[in-house]
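What follows is a short report on a single structure.
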Amino acid sequence: MPNASSVRRGLKALLAALLAAAAVWLLCRWVGYDLQERLGNQPVYEILNDDYTQIIDLPEEGLTQKIQLKAGQAFYGVRFKFSTHGQLYKSGMLMVDVFTEDGTQIAQSAGNFLNIFDDNFTEFTIENPYIPTQDETLTVHLYNVTPWEGPLGLWASEGEVSNMPLYSGDGTGNALDATLAVQLVADYSGPWPSRLAEQLALPLAAAAFAAVLLAVLHAPLALLVALVGLALGLSFTRVTPALVAPDEYTHLAAAYELAGTWSGQQTADENGNLLVRACDAPYFSTKTGEIGIFAYKAQAQARANEPGSPNELTIASEAKAGQGTGSYWAQAFGIWLARLQGKNFYTMLEYGRLANLALYLVLATAAVALAPAALRGLFACVSLLPMSLQLAGSLSPDATVLGTVFLFTALCMALRQRRAACWQLVLLVVLGAAVAPAKAIYLPVVLLCLAIPPEHLDPRRSAASPTVTLHGLSLRPGRLVQAVVLLAAAVLWTVANLSALAYAARDMNMALLVAGGVAAVVVVVLACALYLRLRKTPHGLRWFYRGLAAVAVVAVVGGVYGLSHMGGGLTPDQLLEVQPNGDSVWTFSFGYICRNLPATIKLLLRTLPEQGALWLQGLLGTTLGEPIVYRIDVSWLLGVGLVLALLAASLPVQNQKPLLSRRSAWGTVGILACVVLAVFAAALNWTPINYQTLFGMQGRYLLPVLPLALLLVQRNHRFSLHQSAAHGAALSVAILTLLTQLQGFGLYASWQPVS
């Protein structure tokens, strides 16, 4: 039975959580109010007649203007240019009624001396649009209901324009051989800024409530990641507009195609274009989606009102088939389920995002649960970063990669401290095999399994000897497990990335490369065999290491020389070949890099100061969406807070034994260096050779190895804490991610294209 102290603590935690939820709800209301003040009731105009050379005074019987509306064209109202003949009126009111062809009134609006000015346009709007199913002629009747101090005029053309006649009276009078200067209100923001912000209040308030309650009660961090990550991830599916997450249009095509394959359907036409449903065809393109308040509004309305269609792929889209090279199982499952139910496009997209989020949270929560107690706060913070949850709340396969690498890293660190159970051995092999093909640049992470003591990987429950003998060689069974992990990873990585590797080495002598690779494998095998024979003789082992270092130096120097003199260089004419946008048609291949090492180093040195800050923003998630297309940067204060929270979660507690030994720490540094080099090599591979800085390099590519970098911080001896800051750091990251979403939503909504 709980004592009084624990009850009081629980009540205090509950009160703090309720206050936090109330504060976030009020903050969402404020964001909605602020956006409504700035963006609400804003029209978008489409010119119907811009020819006006005369002023027609509004007669007592009024005027009737006919306007043409196309099928499917939204009508939110009309806009006319008035004239007060240079006077400032103090009284008068005008009514504008709009009727369809069958006489149904669809709009009625008023204008008075407070909003009608000389030689200015005034709009008359409605909140809900009228959208005809076929071409239609609307009737607009203008008349006075309160007399004006002086004549009220409207600018018009001399002669009828575009089959839009103007009549005196209610439309039964004489044609005036003119057309008013009129613009169609094609869109209208209305109350949508406030309404959309209100939709974020519930998930964000729930995230704040759960984060504070669980952090104050020191609940398991895995539970905090699962619940808070779910609430924040759900809000990210709404904060990030459709197809605006990094490369989301490509990921949509890949997941959509996989869902079609599961349904046993033909997914491409004879030209390789992706086949889609009729209701999805307008949304498939090869560009990032739209942002701004009107994009948010259109997506919300379409999600609620747009019809779906049966799961029949009948229309060829702009997207190409065959783009799926990553892990799209979760996204494809969501899309397949939505198509099976006949949902519309935006609902289908949301299903795919939610399925991706669910898989990420399963992996991230498992990583936090499996990690050693000293590292759970670190993994919880990284899992709740804005970038992690933004990727999870989109169609990006990087979310699965993140979760898989996090779980593999956590498992390796856990097995450094305790003996592996049978299911953990299986999980280690499966995760190592999954990390390698998931994304080529993360292959070095698999080497982390070598940091596990081999005795912890021994599958035997009761071993008479720590070693087993195979063909006269004695070795630990744990080494065999590590070899299986590395071999499976190497084979799957090669199968998944061989074509990409061949493309990157397209201007090199493939025969020499294969011969060099075979020679390297032979040297490694011989070195392993020699090590097994000399490991019990200190003198022989010392000479083995010296010889190995000498071979490595010769291999590096000889390899660099050979690669830089392998041929395949570009001719002067080829170097000058450019595309219409000025980019070179050639990119930094492996061969070009090896032949031009000084130029490559100069490019990287120029890139670091210019793009370094953006990489940090991309790593944390304080720059949202696809930064190459839209730069949505939240306050740098949020970034500083996230960095401090990560450092707090990484600092050791006093008298805590470091998890990594000195040798393991240097091995971790080597893994990080290999991943960074692989990331740079991948970015160079799509950078034109006439660029002065890297193209397309983003900080999120380093996010999977962020826990490894923070592990090195955890090993420091100069700074330590009296007690663990894990729960406080996780709470801080959750709140900062929440604030990032709110500010990001405001920036997305208020974005305007640069003129």
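The values are calculated or read from the model by the stated rules, or taken from the named source; none is laboratory data. In this text the structure is predicted, and so the values were computed from the model without any measurement. Note that we place each Cβ from the backbone using ideal geometry, even for glycine, and neighbour counts take in every protein chain shown.
Restricting attention to the range 299-333, which residues are without any contact (Cβ under 8 Å) to a residue 60 or more places away in the chain and either among the basic types (Lys, Arg) or closer than 30 Å to Ser194 by Cα (or both)? Selection gives Gln299, Gln301, Ala302, Arg303, Ala304, Asn305, Glu306, Pro307, Gly308. Residue pairs whose Cβ atoms lie under 8 Å apart, sitting 6 or more positions apart in sequence or on different chains, and linking a residue in the range 36-49 that is within 14 Å of Phe80 (Cβ to Cβ) and touching a residue at least 12 places away in the same chain (Cβ under 8 Å) to a partner that is part of a loop (DSSP other than H, G, I, E, B) and among the small types (Gly, Ala, Ser), are Pro43/Ser189; Leu48/Ser162; Asn49/Ser157; Asn49/Ser162; Asn49/Ala181.
Counting only strands (runs of 3 or more DSSP E) that fall entirely inside the range 40-106 and contain at least 1 residues that are aliphatic (A, V, I, L, M) and over 44 Å from the mean Cα position of the chain (by Cα), the qualifying elements are 54-57, 63-69, 93-99. Considering only residues that are of a type outside the set (D, E, K, R) and in a helix (DSSP H, G or I), look in the range 237-253 and name the one that is surrounded by the fewest Cβ atoms within 10 Å (Cβ to Cβ). Among those residues, the one meeting the criterion is Thr250. Going by what's in this entry, would Leu534 be described as in contact with a Phe, Trp or Tyr (Cβ under 8 Å, 6 or more places away or on another chain), more than 30 Å from Leu243 (Cβ to Cβ), at pLDDT below 80 and surrounded by 13 or more Cβ atoms within 10 Å (Cβ to Cβ)? Here the answer is yes, as Leu534 does meet what is asked.
Only one of the numbered conditions (1) within 47 Å of the chain's Cα centre (by Cα); (2) at pLDDT 75 or above is violated by Trp543, and that is (1). Only a single criterion out of (1) surrounded by 13 or more Cβ atoms within 10 Å (Cβ to Cβ); (2) without any contact (Cβ under 8 Å) to a residue 12 or more places away in the chain; (3) of a type in the set (D, E, K, R) is not satisfied by Lys66, namely (2). Restricting Tyr346, Tyr351, Tyr328 to residues that are surrounded by 23 or more Cβ atoms within 10 Å (Cβ to Cβ) and closer than 23 Å to Gly625 by Cβ narrows the list to Tyr328.
Cβ-Cβ contacts under 7 Å between residues 6 or more apart (or on different chains), taken from a first residue in the range 106-125 that is farther than 17 Å from Pro43 by Cβ to a second residue that is assigned to a loop (DSSP other than H, G, I, E, B) and not basic (Lys, Arg), are listed as Asn112/Gly92; Phe113/Tyr89; Phe113/Ser91; Phe113/Gly92; Asp118/Thr84; Asp118/Gly86. When residues in the range 220-236 are screened for being surrounded by 22 or more Cβ atoms within 10 Å (Cβ to Cβ) and either hydroxyl-bearing (Ser, Thr, Tyr) or farther than 14 Å from Ala392 by Cβ (or both), 3 of them pass. Within the range 702-755, the set of residues being within 30 Å of Phe294 (Cβ to Cβ), modelled with pLDDT of 95 or more and more than 19 Å from the chain's Cα centre (by Cα) is empty.
Matching residues to (1) in contact with an Asp or Glu (Cβ under 8 Å, 6 or more places away or on another chain); (2) modelled with pLDDT of 95 or more; (3) under 24 Å from Pro132 (Cα atoms); (4) not hydrophobic (A, V, I, L, M, F, W, C):
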{"site": "Ala4", "(1), (2), (3), (4)": "no, no, no, no"}
{"site": "Leu19", "(1), (2), (3), (4)": "no, yes, no, no"}
{"site": "Ala23", "(1), (2), (3), (4)": "no, yes, no, no"}
{"site": "Leu26", "(1), (2), (3), (4)": "no, yes, no, no"}
{"site": "Leu39", "(1), (2), (3), (4)": "no, no, no, no"}
{"site": "Asn49", "(1), (2), (3), (4)": "no, no, yes, yes"}
{"site": "Leu69", "(1), (2), (3), (4)": "yes, no, yes, no"}
{"site": "Ala74", "(1), (2), (3), (4)": "yes, no, yes, no"}
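The residues in the range 414-452 that are among the charged types (D, E, K, R) and under 32 Å from the mean Cα position of the chain (by Cα) can be counted, and the count is 1.
Of the residues examined, Glu198 is one that is in contact with a Gly (Cβ under 7 Å, 6 or more places away or on another chain) and of a type outside the set (Gly, Ala, Ser).
Within the set Ala304, Ala332, Ala321, the sole residue that is in contact with a Leu (Cβ under 6 Å, 6 or more places away or on another chain) and modelled with pLDDT under 90 turns out to be Ala321. Has the range 182-194 got at least one residue that is of a type in the set (D, E, K, R) and either modelled with pLDDT of 95 or more or not in a strand (DSSP E or B) (or both)? Checked the range 182-194: no residue is of a type in the set (D, E, K, R) and either modelled with pLDDT of 95 or more or not in a strand (DSSP E or B) (or both). Among the residues in the range 259-273, are any crowded, with 17+ Cβ neighbours inside 10 Å, under 25 Å from the mean Cα position of the chain (by Cα), of a type outside the set (Asp, Glu) and assigned to a helix (DSSP H, G or I)? For the range 259-273, residues crowded, with 17+ Cβ neighbours inside 10 Å, under 25 Å from the mean Cα position of the chain (by Cα), of a type outside the set (Asp, Glu) and assigned to a helix (DSSP H, G or I): present.
Residue pairs whose Cβ atoms lie under 6 Å apart, separated by 6 or more positions or on different chains, with the first residue in the range 5-34 and more than 21 Å from Gln199 (Cβ to Cβ) and the second surrounded by 14 or more Cβ atoms within 10 Å (Cβ to Cβ), are Ala13/Leu213; Ala13/Val216; Ala13/Leu217; Ala16/Val212; Ala16/Val216; Ala17/Phe209; Ala17/Val212; Ala17/Leu213.
So that you can scan it fast, the table gives a plain yes or no per residue for (1) touching a Lys or Arg at 6+ places or on another chain (Cβ under 9 Å); (2) aromatic (Phe, Trp, Tyr); (3) modelled with pLDDT under 85; (4) surrounded by 14 or more Cβ atoms within 10 Å (Cβ to Cβ):
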| residue | (1), (2), (3), (4) |
| --- | --- |
| Leu603 | no, no, no, yes |
| Pro609 | no, no, no, no |
| Ile628 | no, no, yes, no |
| Trp636 | no, yes, no, no |
| Val640 | no, no, no, no |
| Leu646 | no, no, no, yes |
| Leu651 | no, no, no, yes |
| Gln654 | no, no, yes, no |
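Only one of the listed residues (Pro386, Pro397) is farther than 18 Å from Val228 by Cα, surrounded by 24 or more Cβ atoms within 10 Å (Cβ to Cβ), touching a residue at least 60 places away in the same chain (Cβ under 8 Å) and touching a Ser or Thr at 6+ places or on another chain (Cβ under 6 Å). That residue is Pro397. Remark: Leu447 matches the filter, which requires a residue to be surrounded by fewer than 24 Cβ atoms within 10 Å (Cβ to Cβ) and part of a helix (DSSP H, G or I).
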